[in-house]
Amino acid sequence: MASGPTKSLLWSEEFADHQHGHLLEDIWNFDIGDGSSVGLVGWGNNELEYYTKDSVCIDGNLVIKAQQVDESSGLTCYYGPAQWTSGKIHTAKKIGFKYGRIEIKAKAPQGVGTWPALWLLGANLLDGVAWPHCGEIDILENTGAHPFQVQGTIHGDGYFGENGLTKIIQSPTKLSDDFHTYSINWTPDSIEWFFDDSSYNTITRQEVESEGKPWPFNQEFYLIMNLAIGGWFAGDVDPALEHAELVVESIKYFSIDGLGELILH
């Protein structure tokens, strides 16, 4: 039987061993608000949450907590007083990744209306290249309305939003029941998705370009992790839902067969 690619660890965040009790801000940035300040009202998706720094903590693991709030919070969203707070963190202009393998061990939230995402955006977005031209790689998206569903997607010019190139599989158990590992193997010519080390999808540069569409994945990307509430993808929120948590045990970044570059800013 053929052996798999050779992996070499380039970087990791092992939250269970974290000594600081908080995220290191030389690695992580926090998005704050409802997106209006950066021209993405509702983060471009009609989401309900107001992102706060206090919604992210380390308590044995990294925890991103969504919490229902009322007018007493004093937070205002595009639709009026904020109904939810949650958290969103990313590595833009601090740590970048180019090719290799990214593995994230996480436990999804439960509750209809939740929308956890583990994803990457092209770093040229920060230089003015608009989405989707910058490229997006979704290692995992899930919604509480589909608690068994594992979905990995890429977005680029001509294949974005509801037309992203994607595949969905079903887990034998709810993703909120336990930790699972969500991974990609990323090369100049392909992206392959894994669920608990089982490959479930590969998209190649050749098949995308054969349709006359660009492949914007040969550049630096940065990592994003967030828990959204509501929006076009997650749908209506269960009125009984009061809080939810996306829990991340670890992030590991490897080179595969020597391919992979950690970019430190």
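For the reader, a short list of remarks on this structure follows.
- Think of a 1.4 Å ball rolled over the protein heavy atoms: the range 173-246 then has 43 Å² of accessible area per residue.
- In this structure the range 49-166 gives 37 Å² per residue of accessible area when probed at 1.4 Å with all protein chains present.
- Accessible carbon and sulfur surface of the range 153-265 relative to its total accessible area, %, 1.4 Å: 45
- Between Glu49 and Ile229, the built amide H atoms are under 5 Å apart, and every one of these is 5 or more places off in sequence or on another chain.
- Taking 0.36 nm per residue of separation and subtracting the Cα-Cα distance, full extension of the segment from Glu71 to Asp127 would add 16.4 nm.
- Gyration tensor verdict on the range 203-265 (Cα atoms; rounded if a/c is under 1.5, prolate if a/b is larger than b/c, oblate otherwise): oblate
- Entry note, the range 117-265: relative contact order of 22 percent, from Cα contacts under 8 Å with a spacing of 6+ residues.
- Listed values for the range 35-52 are Karplus-derived 3J(HN,Hα) couplings in whole Hz (6.51 cos²θ - 1.76 cosθ + 1.60, θ = phi - 60°), namely x, 4, 5, 10, x, 10, 4, x, 6, x, 10, 6, 6, 9, 7, 10, 6, 10, and x replaces Gly and Pro.
- Largest mean-square fluctuation among Ala108, Ala82, Ala240, in a Gaussian network model of the chain whose springs join Cα atoms under 10 Å apart, belongs to Ala240.
- The chain, relative contact order in percent, only Cα pairs under 8 angstrom and at least six apart counted: 31
- Structure note, pairs Lys98/Lys174; Lys65/Lys93; Lys105/Lys174; Lys94/Lys167: Cα-Cα distances above 20 angstrom occur for Lys98/Lys174; Lys65/Lys93; Lys94/Lys167.
- In terms of its alpha-carbon gyration tensor, the range 1-62 comes out oblate; a/c meets the 1.5 threshold, while b/c is at least as large as a/b.
- Taking all Cα pairs closer than 8 Å and separated by 6 or more residues, the relative contact order of the range 29-85 comes to 32 percent.
The values are calculated or read from the model by the stated rules, or taken from the named source; none is laboratory data. Keep in mind that this is a model prediction, so the values were computed, not measured. Each accessible area value is taken on the protein alone, full model and side chains, heavy atoms only, with ligands, DNA and RNA left out. Shrake-Rupley method; radii C 1.70, N 1.55, O 1.52, S 1.80 Å.
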